[in-house]
Amino acid sequence: MEAIITATELADDLTGPTPPVLLDVRWQLTPPGTPPFDGRAAYAAGHLPGAVYVHLDGELAAPPGGNGRHPLPDLAVFGAA
């Protein structure tokens with residue numbers, strides 16, 4: 001896996017005139033019979049300064065359907081989240 005930007009580039013962007021909003025979207029598959037992964041707890045244990053936790057199923061995806069399991073939500077719904 002390659003980084004989209006380097007840590008140095010991110011640090012520069014965060015101190016710039018229009019810093020990006022960092023979304024922490026922790027999610028992973030869990031084997032059957034095991035407790036589901038708790039992304040919010042992992043976020044609470046440590047994250048990039050200023051990052052906001054976003055739940056994949058609850059805030060970053062519309063209900064599953066003809067567009068797939070995690071289709072992008074309506075822009076207004078995402079913005080409100």
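The values are calculated or read from the model by the stated rules, or taken from the named source; none is laboratory data. No experiment lies behind these values; they were computed from the predicted model shown. Virtual Cβ from ideal backbone geometry, glycine too; neighbours counted across all protein chains shown. Surface areas here come from the heavy atoms of the whole protein model, side chains and all, with no ligands, DNA or RNA. Shrake-Rupley method; radii C 1.70, N 1.55, O 1.52, S 1.80 Å.
The residues packed around H55, meaning those with a beta-carbon under 11 Å from its beta-carbon, carry a net charge of -2 if Lys and Arg are +1 and Asp and Glu are -1. Spatial offset of the stretch 60-81 relative to the stretch 1-41 amounts to 19 Å, using the alpha carbon center of each. For the chain, the solvent-accessible area works out to 78 Å² per residue, with a probe of 1.4 Å and every protein chain left in place.
In the chain, a dipole from Cβ-located charges (positive for Lys and Arg, negative for Asp and Glu) runs towards its positive end, and of L48, P35, A81 it is P35 whose Cα lies farthest in that direction.
Could you tell me whether the stretch 11-81 comes out rounded, prolate or oblate from its Cα gyration tensor? Rule is a ≥ b ≥ c as square roots of the eigenvalues, rounded for a/c under 1.5, then prolate if a/b exceeds b/c, otherwise oblate.
In terms of gyration-tensor shape, oblate.
About its Cα centre, the dipole of the chain is roughly 280 debye, where the only charges are +1 on Lys and Arg Cβ and -1 on Asp and Glu Cβ. Here the extension length gained between Y53 and V77 equals 7.1 nm, from 0.36 nm per residue of separation less the Cα-Cα distance.
With K and R counted +1 and D and E -1, the other residues having a Cβ less than 15 Å from that of G39 yield a net charge of -2. Projecting label points 7 angstrom from Cα along Cα→Cβ for E9 and L60 puts them 1.9 nm apart. Counting only protein heavy atoms and a probe of 1.4 Å, the accessible surface of the chain is 62% carbon and sulfur. Positive contributions from Lys and Arg (+1) and negative ones from Asp and Glu (-1), summed over other residues with Cβ under 14 Å from the Cβ of T30, come out at -1.
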